[in-house]
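The values are calculated or read from the model by the stated rules, or taken from the named source; none is laboratory data. For clarity, every value in this text was computed on a predicted model and none was experimentally measured. Glycine also receives a Cβ, built like all others from the backbone with ideal geometry; neighbour counts cover every protein chain displayed. With ligands, DNA and RNA removed, areas are computed over all heavy atoms of the protein, side chains included. Shrake-Rupley method; radii C 1.70, N 1.55, O 1.52, S 1.80 Å.
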Amino acid sequence: MRLALLCLCAAACGGSAKVEPPLPAPPGLVLRGVKLVDGRTVDLIIGGDGRLAAGPPPVGARTLDLTGMWVVPAFIDSHVHLAYLPAENDLLSGGVAAAVDLAAPIPFLARLQDGRLGALRLLAAGPMLTAPNGYPLASWGKDGYGFPCADARCAAEAVAELERRGARVIKLAITKPPVLDDASLIAAVDAAHQRHMKVAAHALGDADARRAAMAGADVLAHTPVAPLQPATLAAWRGRAVISTLVAFGAEPAALANLGALRAGGVIVLYGTDLGNSQTKRIDGEELAKLVEAGLDGLAVLEAGTRVPAAYWGFADLGSLEPGKEASLLVLDKNPQVDPLTLARPARVMIRGEWR
Ligand SMILES: [Zn+2]
């Protein structure tokens with residue numbers, strides 16, 4: 001034994017140019033016999049790099065028999081506030097692999113590294129653009145959650161500044177006065193689009209939502225709570241809405257708006273407004289309200305996975321194909337039949353690690 005150790009040391013330590021041998025990658029894992037929502041039953045292969053792999057399994061891979069269980073991609077929450085309510089680790093263990101942070105003070109942006117806050121993939125807006133003393137500076141957001149601008153030039157420069165600081169999406173407050181004028185809204189949207197950033201609008205009323213569309217905003221940060229007129233619904237066709245139903249009481253008018261927006265060709269993205277809401281995981285109440293608004297089980301699943309992955313550019317999330325991150329939920333029921341099962345996964349894996 002001593003001889004063997006000596007030999008190892010001689011082999012590893014000898015020579016003047018000491019080169020550490022590369023660590024062997026972990027051998028990987030096979031999830032055997034899982035059901036997918038496309039009807040297939042498969043063995044899912046997870047490589048040592050935390051990504052899904054095509055077969056055959058790596059030599060030495062462990063096998064976990066999950067026969068009869070369902071596996072779906074981990075979720076994306078398209079509206080959170082992690083500076084206001086730090087919950088990134090809770091989100092990960094609750095089945096959320098990525099999120100979009102739609103208002104935080106500028107220093108929060110410096111905490112992101114390679115588009116991640118810890119292990120959570122995150123797209124962040126930094127402070128929302130607003131008028132001096134506008135929403136949310138006079139209320140919950142006085143500590144840097146709003147970026148005040150009095151004119152179009154300031155609005156355009158603010159977008160450039162936020163991008164320099166690390167913002168990858170822009171948020172506009174369009175609500176009761178004081179509020180940005182049309183020229184400022186348009187200048188902000190143009191500056192964001194020049195930089196390939198999407199623009200989310202906080203607009204809860206009908207006229208505000210129509211202004212947001214006219215200025216060129218891409219996505220409603222919330223389902224508006226006041227009844228939307230046909231012209232507003234038409235103006236949003238082909239754009240997107242983030243649900244956040246529970247955070248605003250999930251009143252009948254909001255549920256009707258979400259159904260009408262969706263019927264009119266608006267993309268629906270699951271989002272909770274975490275910080276305003278307090279559920280630090282996939283929110284079963286939000287899923288239930290999506291069902292009430294008319295989404296079936298598959299549509300609910302897609303609003304939290306495939307659709308936001310494509311919309312926000314989380315290219316390695318949202319589906320279970322070889323090469324994508326092994327970020328997934330193991331479920332004991334078919335989420336197409338019982339979408340609320342998504343909020344109580346039996347297991348959660350993020351980037352190849354059980355959480
Ligand atoms: Zn919010």
request  = Please report, ordered by residue number, the strands (runs of 3 or more DSSP E) entirely within the stretch 38-80 with at least 3 residues that are surrounded by 20 or more Cβ atoms within 10 Å (Cβ to Cβ) and within 16 Å of the ligand (Cβ to nearest atom).
outcome  = 75-80
remark   = Of the residues in the stretch 103-116, those that are in contact (Cβ under 8 Å) with a residue 40 or more places away in the chain and either assigned to a helix (DSSP H, G or I) or open to solvent by less than 60 Å² (accessible area, probe 1.4 Å) (or both) come to A103, A104, P105, I106, L109, L112, G115
query = Within the stretch 145-160, is even one residue in a loop (DSSP other than H, G, I, E, B), over 22 Å from the mean Cα position of the chain (by Cα) and small (G, A, S)?
reply = yes
query = From the list V159, V189, V100, V96, which one is touching a His at 6+ places or on another chain (Cβ under 8 Å), touching a residue at least 24 places away in the same chain (Cβ under 8 Å) and buried (at least 19 other Cβ atoms within 10 Å of the Cβ)?
reply = V100
note = Looking across the stretch 205-220 at residues that are open to solvent by 40 Å² or more (accessible area, probe 1.4 Å) and of a type in the set (A, V, I, L, M, F, W, C), the single one that is nearest to the ligand (Cβ to nearest atom) is A207
inquiry  = Please go through the stretch 82-93 and give me each residue that is open to solvent by 10 Å² or more (accessible area, probe 1.4 Å) and either within 11 Å of the ligand (Cβ to nearest atom) or touching a residue at least 24 places away in the same chain (Cβ under 8 Å) (or both), ordered by number.
reply    = A83, Y84, L85, E88, N89, D90, S93
ask   = How many of the residues making up the stretch 155-205 are of a type in the set (G, A, S) and touching a Ser or Thr at 6+ places or on another chain (Cβ under 8 Å)?
value = 4
key: Among the residues listed as L290, L245, L295, the single one being under 17 Å from G205 (Cα atoms), without any contact (Cβ under 8 Å) to a residue 60 or more places away in the chain and buried (at least 18 other Cβ atoms within 10 Å of the Cβ)   = L245
query = Any residue in the stretch 125-133 that is open to solvent by 10 Å² or more (accessible area, probe 1.4 Å), more than 16 Å from the ligand (Cβ to nearest atom) and not in a loop (DSSP other than H, G, I, E, B)?
reply = no
ask   = Failed condition for L129, given (1) farther than 15 Å from L172 by Cβ; (2) of a type in the set (A, V, I, L, M, F, W, C); (3) touching a residue at least 24 places away in the same chain (Cβ under 8 Å), with all others met?
value = (1)
request  = Considering only the stretch 324-344, state which residues are of a type outside the set (A, V, I, L, M, F, W, C) and either under 14 Å from K35 (Cβ atoms) or out of contact with any Gly (no Cβ under 9 Å at 6 or more places or on another chain) (or both).
outcome  = D332, K333, N334, P335, Q336, D338, T341
remark   = Residue hits (the stretch 263-287; in contact (Cβ under 8 Å) with a residue 60 or more places away in the chain, more than 16 Å from the ligand (Cβ to nearest atom) and open to solvent by 10 Å² or more (accessible area, probe 1.4 Å)) are R281, G284
